[in-house]
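Take a look at the structure set out below.
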């Protein structure tokens with residue numbers, strides 16, 4: 001038996017517990033469905049609503065032959081804990097540990113030295129199927145399978161890249177029946193008033209943002225046909241009847257031709273389900289917004305990252321900040337909610353740039369926005385730029401790239417106060433209640449005062 005899991009435990013994530021917007025692990029559900037098609041028996045253990053102890057007991061009750069674990073920044077520490085447990089327990093020392101996910105490409109040696117038996121680097125379906133088939137026949141892992149890395153006779157072997165699947169329409173739908181989707185639907189319904197299911201229509205992103213990791217698909221862009229996506233939505237509607245869909249794609253409106261066909265099909269087949277997307281301002285226009293509205297879109301997240309064109313250009317975002325504002329305003333005009341993303345502390349950012357970001361948020365007035373402090377993910381152009389100025393000594397087994405810090409224009413403490421300055425200044429503009437408005441004004445002034453004191 002092959003066990004697939006991902007090592008994410010909602011009960012351990014205080015930030016996500018405050019938000020309560022969990023999504024099924026689509027990656028391993030795609031792998032599971034692909035293995036099913038190849039008649040390779042597999043089981044999925046969805047840890048999202050479970051605990052580490054329950055996962056351990058599940059494994060001990062029925063030790064798998066192979067275990068495949070999805071690994072990313074959020075799950076890294078737990079994945080290492082799972083590996084340690086498997087390697088030190090007498091009942092599981094023979095279980096072969098296979099890791100997949102974006103974390104592995106740039107930390108290959110480290111994960112193998114911490115106990116993983118084999119890494120799948122890049123797209124996982126074909127590679128996982130080949131590894132499992134080989135093991136089932138030979139009872140040991142392949143040394144020369146494309147898209148893998150392992151240590152053999154104390155030698156690190158990194159095999160050639162596997163060619164990406166040319167036509168992703170050939171992939172089966174994610175194996176959602178192997179998880180308890182009601183846990184997700186009920187959690188969303190309880191905390192947000194609507195049940196939500198996540199769907200992927202594309203793989204890869206052709207854009208060049210310096211802070212973004214391309215460890216799985218590189219700079220590729222492959223899209224499932226509108227017909228395939230509509231078929232999946234119709235099946236979800238019949239099986240689960242969710243209140244909304246979250247499209248996980250990086251740039252949903254990248255192809256206007258695709259969007260037009262999707263909108264026509266979903267309306268024709270009476271399959272409209274309210275949905276939420278992420279996109280870029282330069283892939284938006286009035287016709288696109290009209291198609292989104294007609295096909296059920298209720299919220300659009302339009303990436304900005306900064307209100308300063310200088311910082312946007314430094315990020316290699318290749319978008320005009322004025323266009324971002326215009327598209328947010330135009331989207332709101334059509335009755336679609338808007339959101340945007342902001343990143344502070346990018347190399348070279350000054351107080352003037354931050355003030356421009358505040359003005360951008362105030363003028364565009366999105367319904368939602370998120371603010372984060374920039375951090376360099378290994379393998380990205382941003383990491384390469386700041387590598388020599390990274391200040392933190394990272395312990396691989398206890399920390400992630402999120403803990404990496406570097407020498408910025410100002411200190412990190414300065415930018416943490418800047419986060420509060422942006423938030424309080426924008427909320428001051430949004431707030432109608434005079435008392436609350438004055439509180440935001442005072443907090444904004446205090447944040448600026450602390451910024452000036454720290455520099």
Where residue 230 falls short, out of the listed (1) surrounded by fewer than 16 Cβ atoms within 10 Å (Cβ to Cβ); (2) in contact with a helix residue (DSSP H, G or I) (Cβ under 9 Å, 6 or more places away or on another chain); (3) closer than 24 Å to residue 257 by Cβ = (1)
inquiry  = Going through 400, 412, 384 one at a time, which residue ends up being at pLDDT 95 or above, out of contact with any strand residue (DSSP E or B) (no Cβ under 6 Å at 6 or more places or on another chain) and within 30 Å of residue 114 (Cβ to Cβ)?
reply    = 384
key: residue 278 vs. criteria buried (at least 19 other Cβ atoms within 10 Å of the Cβ), at negative phi and without any contact (Cβ under 8 Å) to a residue 12 or more places away in the chain   = no
note = Within segment 38-62, the residues that are in a loop (DSSP other than H, G, I, E, B), in contact with a helix residue (DSSP H, G or I) (Cβ under 9 Å, 6 or more places away or on another chain) and over 22 Å from residue 148 (Cα atoms) are 45, 46, 47, 48, 49, 50, 51
query = Is it the case that some residue within segment 78-94 is touching a residue at least 40 places away in the same chain (Cβ under 8 Å) and either part of a loop (DSSP other than H, G, I, E, B) or more than 23 Å from the chain's Cα centre (by Cα) (or both)?
reply = no
note = Scanning segment 235-260 for residues that are surrounded by fewer than 16 Cβ atoms within 10 Å (Cβ to Cβ) and either on the phi > 0 side of the Ramachandran plot or part of a helix (DSSP H, G or I) (or both) gives 235, 238, 239, 241, 256, 257, 260
ask   = Before we move on, is residue 393 more than 23 Å from the chain's Cα centre (by Cα), at pLDDT 95 or above and not assigned by TED's automatic domain parsing to the domain that holds residue 314?
value = no
request  = Could you tell me whether any residue of segment 313-325 is in contact (Cβ under 8 Å) with a residue 40 or more places away in the chain, closer than 27 Å to residue 451 by Cα and part of a loop (DSSP other than H, G, I, E, B)?
outcome  = yes
remark   = The residue that is surrounded by the most Cβ atoms within 10 Å (Cβ to Cβ), considering only those in segment 14-34 that are out of contact with any strand residue (DSSP E or B) (no Cβ under 7 Å at 6 or more places or on another chain) and in a loop (DSSP other than H, G, I, E, B), is 22
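The values are calculated or read from the model by the stated rules, or taken from the named source; none is laboratory data. Computed from a predicted model, the values in this text were never measured in an experiment. Glycine gets a Cβ as well: all are built from the backbone with ideal geometry, and neighbour counts include every protein chain shown.
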